[in-house]
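The values are calculated or read from the model by the stated rules, or taken from the named source; none is laboratory data. Treat the numbers as computed from the prediction; the structure is a model and nothing was measured. Virtual Cβ from ideal backbone geometry, glycine too; neighbours counted across all protein chains shown. With ligands, DNA and RNA removed, areas are computed over all heavy atoms of the protein, side chains included. Shrake-Rupley method; radii C 1.70, N 1.55, O 1.52, S 1.80 Å.
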Amino acid sequence: MPRLETYEQVIEFLFGRINYERATTDSYSTADFKLDRMRRLLERIGSPHERIPAVHVAGTKGKGSTCAMLASVLSTAGLRTGLYISPHITAFEERMTVDGVQPTPEQLVELVNRIRPIVEEMDALPGQMEPTYFELATALAWMTFDDARCDVVVLEVGLGGRLDCTNLCNPAVTVITNVSRDHTQILGSTVRLIAREKAGIIKSGVPVITGVSHLDAIDAVRETAERNHAPVWWLPHDVELLRRETTTTGTFVDIRTPESTHAGLSVPLVGEHQATNAALAVAAIDLLRRQGWNISEEALREGLAKVSWPARVEVVSRQPTVVIDAAHNWESAKALVRAVESEFPARRRILLFAATKDKDVAGVLRLVIPAFDTVIFTQYVDNPRGVPPGELRSLLAAMSDRPAHLAGDPPTAWKLARRLAEPDDLIVVTGSFFLVAELRDLILEECRQTQPSAGPGKIEPVEEPRQSDEVETV
């Protein structure tokens, strides 16, 4: 088998696998998710998931931010910490970092060349044993953490929990953030069914922290925890937010757990929902301390204060203010709207929006549209699951008489947003991780070029959309 020599060849190899992140849900079902396949793959790379303890995090909203906070605190405490997230925004390697550092392209080439013979061997086995894109990503992450001799890993569930390939791990603590309706074609049509899938990460005797609030979700988590004899800390009963304040630069909280009271904590992430995420992360740290992990209060404070988590109410520019957020379901859309209305008042607000098929696009639009004055719909280029702008316009017309601008691709939509925005306005880019992935680097680069030279109340000129850019106003 010829060796893969370049980063581009490696990415092509990975993207050539079955990729459920880019497939419509009518093309697969729970039968396609096989923990036996993932178990065999992990065994063939040496079973690092059994040696390295984990903090395992599932949920509909907030799991990524909670993971980022946990990893930052654990690294700050001097523990060699791996963090596994999905999806990535810009580069595949973002999914697997050690103390905040992702593998170099050269390291990724070596990792993939090590796993390729195993993949080819499994491809030849009967019974649909061909590893998928996400399974390979997870295995590569475990290899990265094993090579780095990590003391602990923080694992974000990809989809659901019970059948997610991250569920093959050895957790010290399990976290389940809030649960709402998402991925209903796969996880179930009710909150109870979805919560049961999320609660599937609960292990025998392993303590659980949860922020679920829906009564059916509470029942599902309680039933699973009792069956596994797993003690549970509930937010807001066992874990309390004594104070929460949020500004356009961050969130400030006082938190009480059954273990300790932590006053005056700060997190540089915007939105009142980040206070809840911080409470879950702090509670997880306290449970680790209870088990004998050496994590000082100073490390907790410093780790929270320096956490970085892009594309979650991320303010990337001023004059106009530009916010990037990957909200794509009810809970994340509600959190975004609360942040917009509380932290960016009395401004004309421009929404740049794209969405993915199989999501509840109408439900998300119904939540976000009232918070904005101008709407621009577009469709991402690099993923076939994107909803055409014309369909988004039709959904909007069924709920509002607000006019919409249509743009054929995200860069064109961004040019239009900049042309429409005055210095005091707010532009929010949201609706999907895939939209954020296609626009974030472009926006950051433009902001780097224009912000330093833009005086108070001024904005650099933006190129007018060309005729071929397919901009339409209706």
Margin query: Checking residue 179 against (1) open to solvent by less than 10 Å² (accessible area, probe 1.4 Å); (2) of a type in the set (A, V, I, L, M); (3) at pLDDT 95 or above, only one condition comes out false. Which one?
Written below: (3)
Margin query: Within segment 256-278, does at least one residue satisfy the condition of being closer than 17 Å to residue 175 by Cβ and in contact with a His (Cβ under 9 Å, 6 or more places away or on another chain)?
Written below: no
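Of all residues in segment 249-290, how many are among the polar types (S, T, N, Q) and in contact with a strand residue (DSSP E or B) (Cβ under 6 Å, 6 or more places away or on another chain)?
First pass over segment 249-290, keeping only residues among the polar types (S, T, N, Q): 249, 251, 257, 260-261, 266, 274, 276-277.
Restricting the remaining residues to those that are in contact with a strand residue (DSSP E or B) (Cβ under 6 Å, 6 or more places away or on another chain) gives 251, 266, 274.
So the answer is 3.
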Next item on the list: Identify the single condition in (1) under 20 Å from residue 310 (Cα atoms); (2) more than 23 Å from the chain's Cα centre (by Cα) that residue 256 does not satisfy, given that it satisfies every other one.
Entry: (1)
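Check segment 182-194 and report whether any residue there is modelled with pLDDT under 95, more than 14 Å from residue 56 (Cα to Cα) and either of a type in the set (Gly, Ala, Ser) or part of a strand (DSSP E or B) (or both). Show your work before the answer.
If we filter segment 182-194 for residues that are modelled with pLDDT under 95, which is where we start, we get 182-194.
Filter once more, so that each one left must be more than 14 Å from residue 56 (Cα to Cα): 182-194.
Remaining after also requiring either of a type in the set (Gly, Ala, Ser) or part of a strand (DSSP E or B) (or both): 188-189.
There is at least one residue in segment 182-194 that is modelled with pLDDT under 95, more than 14 Å from residue 56 (Cα to Cα) and either of a type in the set (Gly, Ala, Ser) or part of a strand (DSSP E or B) (or both).
Within the bounds of segment 265-273, is there any residue that is open to solvent by 30 Å² or more (accessible area, probe 1.4 Å), hydroxyl-bearing (Ser, Thr, Tyr) and in a helix (DSSP H, G or I)?
If we filter segment 265-273 for residues that are open to solvent by 30 Å² or more (accessible area, probe 1.4 Å), which is where we start, we get 266, 268, 272.
After this cut, where a residue has to be hydroxyl-bearing (Ser, Thr, Tyr) as well, the list is 266.
From the residues that got through so far, the ones that are in a helix (DSSP H, G or I) too are none.
Within segment 265-273, not a single residue is open to solvent by 30 Å² or more (accessible area, probe 1.4 Å), hydroxyl-bearing (Ser, Thr, Tyr) and in a helix (DSSP H, G or I).
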Checklist line | Filtered residues of segment 425-474 (kept if under 19 Å from residue 378 (Cα atoms), modelled with pLDDT of 80 or more and in a loop (DSSP other than H, G, I, E, B)) | finding: 431, 432
Checklist line | Selection within segment 144-158 - crowded, with 21+ Cβ neighbours inside 10 Å and in a loop (DSSP other than H, G, I, E, B) | finding: 150, 157, 158
Next item on the list: Assess whether residue 307 counts as being under 15 Å from the mean Cα position of the chain (by Cα), aliphatic (A, V, I, L, M), crowded, with 19+ Cβ neighbours inside 10 Å and outside any helix (DSSP H, G or I).
Entry: yes
Notebook entry, point to check: How many of the residues in segment 204-217 are surrounded by 17 or more Cβ atoms within 10 Å (Cβ to Cβ) and out of contact with any helix residue (DSSP H, G or I) (no Cβ under 8 Å at 6 or more places or on another chain)?
Noted result: 1
Note to self: Against the definition (within 30 Å of residue 435 (Cβ to Cβ), open to solvent by 40 Å² or more (accessible area, probe 1.4 Å) and at pLDDT 95 or above), how does residue 20 come out, yes or no?
What the structure shows: no
Next item on the list: For residue 317, work out the one condition from (1) at pLDDT 95 or above; (2) over 17 Å from residue 68 (Cβ atoms) it doesn't fulfil.
Entry: (1)
Notebook entry, point to check: So which of 232, 313, 239, 253 is aliphatic (A, V, I, L, M), touching a residue at least 40 places away in the same chain (Cβ under 8 Å) and at negative phi?
Noted result: 239
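Kindly indicate the residue of segment 233-256 that is part of a loop (DSSP other than H, G, I, E, B) and open to solvent by 10 Å² or more (accessible area, probe 1.4 Å) and also nearest to residue 289 (Cα to Cα) among those meeting that condition.
Looking only at segment 233-256, we keep the residues that are part of a loop (DSSP other than H, G, I, E, B), and these are 235-239, 247-250.
Next, from what is left, pick out any that are open to solvent by 10 Å² or more (accessible area, probe 1.4 Å): 235-238, 247-249.
On the way: 235: 19, 236: 20, 237: 20, 238: 16, 247: 30, 248: 32, 249: 29 Å.
This residue is 238.
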